[in-house]
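Beneath this line is the structure, given in structure tokens, with notes to follow.
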Amino acid sequence: MILKINSYVFIGEPHLKQMKNNGEESSIIDLSISTNKFCIQLKAGQEIRKYQEELAAPGLRGENYIFVAPTGTGKTLVAARIIADHLDRNQNLDNVVVLLVVPTKALAEQQKDALERYIPGASVEICTGETQQTISLACLTNHVAVCTGGKLYSELFRKDLKFSQLSLMIFDECHSAVRGSDYANVLKLYVEEEITCSSSNPKTQIIGMTASPGAGKNPRMNLQITLDHLKMLAAHMNATSGIKTVVEHTEELERHRKAPKLDRLLLEPRDVSSDPFVQEVLETMKEIEKDLKGFQCVGIKRWSHKYLQKIRQNIHALELSDNESFLDLIRANKELLAYCSTLCVYMNLRSEDAIKVLKKESDSFKIDVTCSESRQKYATIRRSLIERLESLEPHDNPLMSKLQDVLYHKFVNDKNSKGLVFVRTRYEAKAMSDWIADSKRLAMAGIHPGMIVGHTTNKKDSMTQAEQKEVIEQFRNGDINLLMATSVAEEGLDIPACNLVMRYQYIASDIKKEQAEGRARAVNSECYTIISAHSPQKYQDILNEELIRLVQTIFKNGYFPNGDSLAGEIKKLQNKIIDDKRKKEAKQKQKKVLASDQIQLLCKLCKVQACFGSDVRVAGEQPYSQFAVSTPEFAEKYSIKPHHAPAQLTDSIYKTHKIYCKKCGADWGVKCVWSSDNQYPIIKCVQFLFKFGENKFELKKWSNAPFDIPPLEDSD
Ligand SMILES: [Zn+2]
């Protein structure tokens, strides 16, 4: 049996901590009798601020609630204050475990460091998808476990961990508890237990913290919609004591907040009617559109999202159709996609960046099964267009010129500036940082650019977490002082405070806007949005700003319910949450109606038959399930190549190869080795067309399959 020690006699005594982490505690049990409290330790001259105490107060009373305070005002210290008090009050009990739940691994590391610094008496362990350590084990031997939402959900789902084992849970960035997220899944399980379990069980205290609870999907600025959204968040978090913002010590909060100066710069974009680059591309697009009989795009700009959607719908319909020349038609549509992305890039960047897209996209078509005639035809069209575009005199992009001006003045006036520029895509981040590195004017201002983008399976334009960390370190020490970033940098990464944050032709949600602006918390900070004057995004940005204000008004004027009326509403909503969850589960069960041996899986691209539904097996638990084909005959349908980045897929599965359709080269998935030494191909459902009798259908997720998929057994 492992007993927990809840306090230290000698704070900072390293060997004692060592023993605890090993779980060998029997020899030091008696030490816990003499107690030294878990107390918050701050740097000399620092103390917990009054508004932080105000935010912590309900937590210290053991209540469930959500607290909201701007980025950079010390929410983690508020959490640490509550955790220390919780450990201190309960130090003679042996089932006291605190969980701090965070959305990302990077944030887990950051919060672990902070808690260890603030509460030197507590042992803190980290549990993420990448650590071997399970939360249930970490809980036995530590005071606090910092875990990601994904890790927590998978342990709860497998019933390796129960809520009753946890005495306090704090959800960092709790606004992430939206549909389908790990947070939402965890909280649904929590609400289900909360409702169904008898009240005699000791309940887990639960607290949420965020800088921006969000206004919900609310395009018309409706007060009721935002109230409903906030109540739903409170119901998921069981926040019976409501949502708390600072009301007493607002002056002190404002003093420490260092709110940035905000501005929206509306600019005239490239003039498409006279721009020869745009005209050349448009002419070519119109020519190709003639090959698609009946294609209409009146009133739709060919560089808009609407156009992209229209083309994607075309491709989708063709994939399902029996049209004999569907491959050529798909090819024509894909050409249009490439031209559309070229124009999109041209509107935001330089002509050379746009031409690169055209060249890159044509490379990616090499493994295509289009008949050689139409492949050659479109390749010729494209080559000739590239030649014409390259011979044009490049026009300056007015949006980029403005960006350059702002950057130049900021860095010339303050040599120690740190800037962050958010862009929409990885490609833009790369192109922008290349452009800035090439600019003599910006080099003269002392700008050293870098970029930070997210991690994807596509190795190109992607960064691993180690690479992200390295860039952030260079940004911290000043080797890089301007970061071009995608949304990955909005939250969940430990990026140093900046004094310049810009969003370049990139508008997301109200929550993301607040998060991004929260990065600008150094002295004399400025935030700019650079955006085309007539774009729909302009209205979205204005709406986001209004929604942020709406949420502030709700709390300032006390529109959010409290007391018994809130408790009643939360109960009602929780019943609805569980009702919906069960209905959805029942519906999914009902959907498994087709006989799996009568379902054929066809390669989506060349329509060759790959296997039957009855050949598919599921391995591993949700949400990390993998879908394998168990029949050996399937091996004749695919070719394999060593994986460029072999890696652990789950605890027991290691991917070694990529598998491709033998006929057309479509990417079907990966080949894996199990810890049992068995090998199976794992296939992606999106690469297949499912045929049942005369009906064809697609699947986005295996879990939506309308047939039963049995688990993979050793006998398979
Ligand atoms: Zn194929």
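Here, each number is a calculation from the coordinates, and none is a lab measurement. All figures in this text were calculated on a predicted structure; none of them were measured in a lab. Note that each Cβ is placed from the backbone with ideal geometry, even for glycine, and that neighbours are counted across all protein chains shown.
So the values come out like this:
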item	result
Residue exposure sequence - Leu500, Leu392, Leu594 - by fewest surrounding Cβ within 10 Å	Leu392, Leu594, Leu500
Which of Phe690, His86, Ala635, positive extreme of dipole for the chain (C-beta unit charges)	Phe690
Low-density loop positions, trypsin sites (Lys or Arg not before Pro), region 377-422 - DSSP coil, at most 10 other Cβ in 10 Å	Lys415
Sparse-neighbour loop sites [trypsin sites (Lys or Arg not before Pro); region 209-316; at most 11 other C-beta within 10 Å; DSSP]	Lys217, Arg220, Lys290, Lys293
Cross-link table Lys203/Lys513; Lys583/Lys701; Lys188/Lys701; Lys151/Lys583; Lys112/Lys589, entries beyond 30 Å C-alpha to C-alpha	Lys203/Lys513; Lys112/Lys589
Per-residue [θ]222 nm for the chain (sum of -39500 (n - 2.57) over DSSP H runs n ≥ 4, rounded to 500)	-13000 deg cm²/dmol
Dipole of the chain, positive direction: furthest Cα of Leu187, Leu161, Leu547, with charges on the beta-carbon	Leu547
Cα-based equivalent ellipsoid of region 394-542: semi-axis lengths in Å, sorted from largest, via gyration tensor	20, 19, 17
Computed magnitude of the charge dipole of the chain (debye, nearest 20; Cβ of K, R +1, Cβ of D, E -1)	1200 debye
Translational diffusion of region 583-716, µm² s⁻¹ [Kirkwood Rh, Cα pairs; Stokes-Einstein; 4 °C; 1.567 mPa s]	85 µm²/s
Those aspartates and glutamates that a straight Cα-Cα span of less than 13 Å connects to Lys658, excepting residues fewer than 8 apart in one chain	Asp667
Members of Lys159/Lys469; Lys217/Lys410; Lys162/Lys581; Lys310/Lys604 lying beyond 31 Å, as alpha-carbon distances in this model show	Lys159/Lys469; Lys217/Lys410
For q = 0.05, 0.09, 0.11 Å⁻¹, Debye-computed log10 I/I(0) when each Cα of the chain counts as one equal scatterer	-0.30, -0.99, -1.40
Dipole magnitude of region 48-255, debye to nearest 20 (Cβ charges: Lys/Arg +1, Asp/Glu -1, about Cα centre)	420 debye
Environment charge of Tyr504, counting only residues whose C-beta is closer than 15 Å and scoring Lys/Arg +1, Asp/Glu -1	+4
On Cα atoms only, tilt of 182-196 relative to the major axis of the chain in degrees	50 degrees
Inter-part distance where region 552-606 and region 196-264 are each reduced to a Cα centre, Å	21 Å
